[in-house]
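Each remark here refers to the structure printed beneath this line.
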Amino acid sequence: MTIKIIGMVIVAYLLGAIPSGLWIGQTFYHKDIRKLGSGNIGTTNTFRELGPKAGVVVLLMDVLKGTLAASQPYLLGVSHSVNPLLIGIFASLGHTFSVFDHFHGGKAVATSAGILLAYNPPLFALACAIFITTLLLTSMASCASIVGITSIFIIALCEHDLILSCVAGILTALVLWRHKSNIIRIITGNESLVSFGLVYYLKQKHHK
């Protein structure tokens, strides 16, 4: 069992470490996403700099990394003794500290969502609803990400799911740390907006 656990952890980390945005940009667009926009290799910066098609592909790949990583205990028939969340979290760590990108990486939001999809699909659907609602209200992907992951942590505490609470707490702390510059911009009113949503509409209306 110990060897299986070690193997699953390594596979989860390597799956998470795949720098989707970086490789998609270099392979199909001949651009280094790290040198464009915010410099982040995640979905939001890919959408802005490489377009919707690339953004959707990167989003799906990043979610899939987390889902595959956390699904290993189910696939190997050991989910009764190894909680999928404890394996999946290494995918988020791999995404944030990628061995393929000099231990740099993204902000772990989509990959963390993928872990939740494998563990609890209804809760994943709720997290998506919270994310989309927040995005439509604030027009800020960073704000939606922070609210979404924090909401799952609070829900896990309310449901007394100890392992989910611990893992969601760690991932919330990781996401907050990776978004620290975004948080400062949100507070000062300088955060970048997506081109839709309530706040974007109000700002456009105000400038007319």
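Overview of values
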quantity	calculated
Sequence-distant lysines (8 or more away, or on other chains) whose Cα lies within less than 30 Å of residue 53	31, 35, 65, 107, 180, 203, 205
Net +/- balance of residues flanking residue 14 in space, Cβ distance below 13 Å, scoring K and R +1, D and E -1	0
Residue-span extension gain [residue 160 to residue 35] - 0.36 nm each, minus C-alpha spacing	40.7 nm
Within a Gaussian network of the chain (alpha carbon springs, distance under 10 Å), most fluctuating of 148, 39, 16	39
Protection proxy ranking, peptides 159-167, 55-63, 195-203, 82-90, average beta carbon neighbours within 10 Å, highest first	82-90, 55-63, 159-167, 195-203
Sparse-neighbourhood loop sites, trypsin sites (Lys or Arg not before Pro) in the stretch 39-120 - DSSP loop, at most 13 other Cβ within 10 angstrom	none
Length gained when the stretch residue 53-residue 80 is fully extended (0.36 nm per residue, less Cα-Cα span)	5.8 nm
Helical contribution to [θ] at 222 nm, DSSP H n ≥ 4, -39,500 (n - 2.57), averaged over the chain, rounded to 500	-23000 deg cm²/dmol
Selected from 175, 90, 71, residue furthest toward positive end of dipole (the chain; charges at beta carbon)	175
Net charge of neighbours whose Cβ lies under 13 Å from the Cβ of residue 146, counting Lys and Arg as +1 and Asp and Glu as -1	+3
Cβ-derived FRET efficiency at R0 25 Å, residue 104 paired with residue 192, nearest 0.05	0.75
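All of the numbers you see were taken from the coordinates with simple rules; none came from a lab. Note that the coordinates shown come from a computational prediction; the quantities given were computed from them, not determined experimentally. A quick note on method: Cβ atoms are made from the backbone with ideal geometry, for glycine too, and the neighbour counts reach across all protein chains shown.
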